[in-house]
Amino acid sequence: MLKKKILRELPVMPFPKGKFKKKYDFFAAAEIHDADKCGEVLALDIYDSGKKLRCRFFTDKQNYICYEPEDDEWMHVRIHTVLGSVWYAYFDVFSSKESDKRVNDFFGETYRYPRDAYHRCLEFQEDVDRERRAAAADRAEQLKQERIKWFKDADSEMDEYVIRALPKYVFVSNSVKGICAARCTVCGSRFGLRTSEYKHKQPGKCPLCGEDIVYFKERYKNSIRDKMKLCDVQLYEDRMLVRWSEVMRTYNIDNEKIEYKPFFWAISRPKEYLNFQWSYRLITQYSQEWISKAKYIYDRGDAYLYYKDLTKALGVPEHIERIFKDTPSVFDIIILAANSSRYQQIEYLLKLGLARLATHIADMPPDARSFSEITGVTKQYLPMYKKFNVSWGENRVIRSLDFYVKEHDIENIQKYDIQYDDYQRIRALVDDKFSDRKLLNYTYKYCSEHKTNFYCFKITYEDYLHMMRELNMTLETKSEYFPRDLAFEHDRLAERIKHVHDEKKKESFEKAIPKLYEKLPEEYHNKDYCIVLPHEPEDFIREGEKLSICVGMSSYLEKHMSGQSLICFIRHVETPDIPYVCCEISMLSYKVLQVHGYLNDAYRPLPKPVKEFAKRYAAAIQQVRS
């Protein structure tokens, strides 16, 4: 065991003596002590180049600790962290052969390859940390498996709920003389169908029970993979258990099979929230009420909320629990638990079949009671809202429009994912010259032709309008606001904008050249190399493309034009027009900042004569300017 009081009294090793062949960052000396109540302890004392003691490292082969004399602080960190780096490879540490031998004898093991005292101690720290992490991971995994056993397995009642939530089918066999035998999976009845009365995967209604179904050919039913997410709540002693599972239903020749794959567990007690995943560690632990703290980490996607134990676990009224039982709905359990004061509104929306609206109950007026008060639209919209299960975001878009929305509009709003904030930004750019109907029809047309969503349309259309205004082009007529081919017009304006910017840049460059080059050596060269200066912005781009380096970026052109740096090209005297090497020279210190050839010399080192030529040119510039 390492005791700090005893370790503090251990003598410090002196600074290593001798002549050093190269420059070192730090110097280390090691000694083995037989410390009272600590046993055999290795001490590694590390000095900086100014002979100042920077760190003391102690270990007894099981634990380690570092001491920083300057701040009188003990730390359980790596040695290089105390020395001021997050990565030990940056340091070159000297230690004598005697110190290296003491360290290797102390550990008594042959490691991956011979090491000096400093790196050998770092390897020991890595091994200790790795073992501790593995032990902690094992404990967390064991704890996770113990707590997962608290959850009950799925029963037949949960299977029935899943079957009600997933699509229903009418399986149709091969036709005999134009008649097919059909079987409904809801009511189990069998009946005949003409081949002209259905199509494979076509939605419809069972003629006997009236349920919504999908016609499916019997011979293809093995390919069915119906999936959903399910959230169920359970009670275990004084804790509430919440589990999210991926559910998949398949069919074989005889019957259907339902598989549950849990992927997220939550275990609560009054002041604790534990979050587990398929991982070896305990993810997070909170010390305040789990519902309020879980909001910002909760993202389990659209999950159907299983009704059982909602009343016992969350205090949800029994009539709301019955609604979830009778009508399987996608609902966020965190929203349900956090809005206990608004159960009346939640119940009202669930009874209307508007579960997606109910999940945003916190955004609605607290005193709203009717459909119109909650949504801000007339009751005429209720059948459409039920049919499409409109969300709160879609409702915000619908109520902002200046016309009566029809079914195909709601379908397109959902299909192209039209968001309220994005739509309002576009609406503000169009001003009041055109109606919402015109703008939305144009949006539908673009998204349909380009098979994209509203967000991509917004980006393209915003760019188009901004470029039209930047070029001082008129925006008055319908064809100017809504061009027939938006993508083509956008690209055409982008090319024009680029041409305008290039012309301005070229004009500025030409004006700056006389001042930039007035005090530079003229036609500088030797027998092998020569200097070529850029005379237009395109020279930077061409050089960058030919050499596959980053000199074509605008930042290099800006530094060159500001006089901060000089960008010049080194070429062979015989071929002055062929790019060879690019050089950057600081015009403040007259030092060569960088000099690179093809692919930044990744495949072939730059010849020394080239580097020396660049340095001589920088010296010549300094001489001329001084």
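The values are calculated or read from the model by the stated rules, or taken from the named source; none is laboratory data. Here the structure is a predicted model, which means the values were calculated and not measured. Every residue, glycine as well, gets a Cβ built from its backbone with ideal geometry; the counts of neighbours run over all protein chains shown. SASA here: full protein model, heavy atoms, side chains in, ligands and nucleic acids out. Shrake-Rupley method; radii C 1.70, N 1.55, O 1.52, S 1.80 Å.
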Scan region 483-505 and give yes if some residue there is in contact with a Gly (Cβ under 8 Å, 6 or more places away or on another chain) and open to solvent by 50 Å² or more (accessible area, probe 1.4 Å), otherwise no. no
Output the number of the condition that Ser99 fails; it satisfies all remaining conditions of (1) assigned to a loop (DSSP other than H, G, I, E, B); (2) at pLDDT 90 or above; (3) among the small types (Gly, Ala, Ser). (1)
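Answer yes or no as to whether Asp71 is under 20 Å from Lys4 (Cα atoms), free of Cβ contacts under 8 Å to residues at least 40 places away in the same chain and surrounded by fewer than 16 Cβ atoms within 10 Å (Cβ to Cβ).
Values: under 20 Å from Lys4 (Cα atoms): yes; free of Cβ contacts under 8 Å to residues at least 40 places away in the same chain: yes; surrounded by fewer than 16 Cβ atoms within 10 Å (Cβ to Cβ): yes.
So Asp71 passes the test.
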What are the pairs with Cβ atoms under 9 angstrom where one residue, in region 601-626, is more than 17 Å from Val532 (Cα to Cα) and the other, located anywhere, is open to solvent by 100 Å² or more (accessible area, probe 1.4 Å) and modelled with pLDDT under 90? Sequence gap at least six, or different chains. Val624/Lys519; Arg625/Lys519
Of all residues in region 186-202 being open to solvent by 30 Å² or more (accessible area, probe 1.4 Å) and either touching a helix residue (DSSP H, G or I) at 6+ places or on another chain (Cβ under 8 Å) or aliphatic (A, V, I, L, M) (or both), the one that is modelled with the highest pLDDT: His200
Where in region 375-457 are the helices (runs of 4 or more DSSP H), entirely inside, with at least 3 residues that are among the aliphatic types (A, V, I, L, M) and surrounded by 14 or more Cβ atoms within 10 Å (Cβ to Cβ)? 420-430
Return the residue satisfying two criteria in turn: it lies in region 74-96 and is at pLDDT 90 or above and farther than 20 Å from Gly50 by Cα, and of such residues it is surrounded by the fewest Cβ atoms within 10 Å (Cβ to Cβ). His76
For Arg225, only one of the following conditions fails: (1) at pLDDT below 90; (2) within 45 Å of the chain's Cα centre (by Cα). What is its number? (1)
Among (1) under 22 Å from Leu7 (Cα atoms); (2) open to solvent by less than 40 Å² (accessible area, probe 1.4 Å) - the single one Arg102 does not satisfy: (2)
Tell me, yes or no, whether region 573-585 has at least one residue that is out of contact with any Pro (no Cβ under 6 Å at 6 or more places or on another chain), acidic (Asp, Glu) and at positive phi. no
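Going by what's in this entry, would Asp463 be described as closer than 19 Å to Ile585 by Cβ and among the acidic types (Asp, Glu)?
On the way: closer than 19 Å to Ile585 by Cβ: no; among the acidic types (Asp, Glu): yes.
Here the answer is no, as Asp463 does not meet what is asked.
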Residue by residue through region 569-583, note down the ones that are over 13 Å from Pro534 (Cβ atoms), touching a Lys or Arg at 6+ places or on another chain (Cβ under 7 Å) and not aliphatic (A, V, I, L, M). Tyr580
Which numbered condition Thr575 fails, given (1) hydroxyl-bearing (Ser, Thr, Tyr); (2) assigned to a helix (DSSP H, G or I); (3) loosely packed, with under 12 Cβ neighbours inside 10 Å: (2)
Would you pick out the residues in region 552-572 that are open to solvent by less than 60 Å² (accessible area, probe 1.4 Å) and of a type in the set (Gly, Ala, Ser)? Gly552, Ser555, Gly563, Ser565
Pairing a residue in region 565-583 that is within 19 Å of Tyr517 (Cβ to Cβ) with any residue that is among the acidic types (Asp, Glu) and open to solvent by 20 Å² or more (accessible area, probe 1.4 Å), where Cβ atoms lie under 8 Å and the two sit 6 or more apart in sequence or on different chains, gives Phe569/Asp539; Arg571/Asp577
Pairing a residue in region 36-60 that is more than 17 Å from Glu123 (Cβ to Cβ) with any residue that is small (Gly, Ala, Ser), where Cβ atoms lie under 6 Å and the two sit 6 or more apart in sequence or on different chains, gives Val41/Ala35; Asp45/Ala29
Across region 29-63, which residue is most open to solvent (accessible area, probe 1.4 Å) among those that are more than 23 Å from Phe15 (Cβ to Cβ) and assigned to a strand (DSSP E or B)? Asp34
Given the condition in contact (Cβ under 8 Å) with a residue 60 or more places away in the chain, open to solvent by less than 80 Å² (accessible area, probe 1.4 Å) and assigned to a strand (DSSP E or B), answer yes or no: does some residue in region 519-535 qualify? yes
Tally time: how many residues in region 536-560 are within 28 Å of Val624 (Cα to Cα) and not in a helix (DSSP H, G or I)? 1
Looking only at region 220-230, decide whether some residue is among the charged types (D, E, K, R), open to solvent by 90 Å² or more (accessible area, probe 1.4 Å) and under 30 Å from Phe264 (Cβ atoms). yes
I'm checking my understanding of the structure. Among residues of region 351-366 that are within 19 Å of Phe388 (Cβ to Cβ) and in a loop (DSSP other than H, G, I, E, B), which one is most open to solvent (accessible area, probe 1.4 Å)? His360
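Check region 403-419 and report whether any residue there is more than 30 Å from Thr375 (Cα to Cα) and aliphatic (A, V, I, L, M).
Our first condition is that a residue be more than 30 Å from Thr375 (Cα to Cα); within region 403-419, this holds for none.
Looking through region 403-419, none of the residues is more than 30 Å from Thr375 (Cα to Cα) and aliphatic (A, V, I, L, M).
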Pairs where the first residue, in region 253-266, is closer than 17 Å to Asp226 by Cβ and the second is of a type in the set (D, E, K, R) and surrounded by 11 or more Cβ atoms within 10 Å (Cβ to Cβ), C-beta under 8 Å, 6+ apart: Glu256/Arg249; Lys257/Arg249; Ile258/Asp159; Ile258/Arg249; Glu259/Arg249; Tyr260/Glu246; Lys261/Glu246
Considering each residue of region 578-587, count those that are under 43 Å from the mean Cα position of the chain (by Cα) and in a loop (DSSP other than H, G, I, E, B), and give that number. 3
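Tally the residues that are in contact with a helix residue (DSSP H, G or I) (Cβ under 7 Å, 6 or more places away or on another chain), hydroxyl-bearing (Ser, Thr, Tyr) and in a loop (DSSP other than H, G, I, E, B), restricting the search to region 588-626.
Taking region 588-626 first, the residues in contact with a helix residue (DSSP H, G or I) (Cβ under 7 Å, 6 or more places away or on another chain) are 590-592, 595, 597-598.
Retained after the next criterion (residues that are hydroxyl-bearing (Ser, Thr, Tyr)): 590, 598.
Restricting the remaining residues to those that are in a loop (DSSP other than H, G, I, E, B) gives 590.
The qualifying residues number 1.
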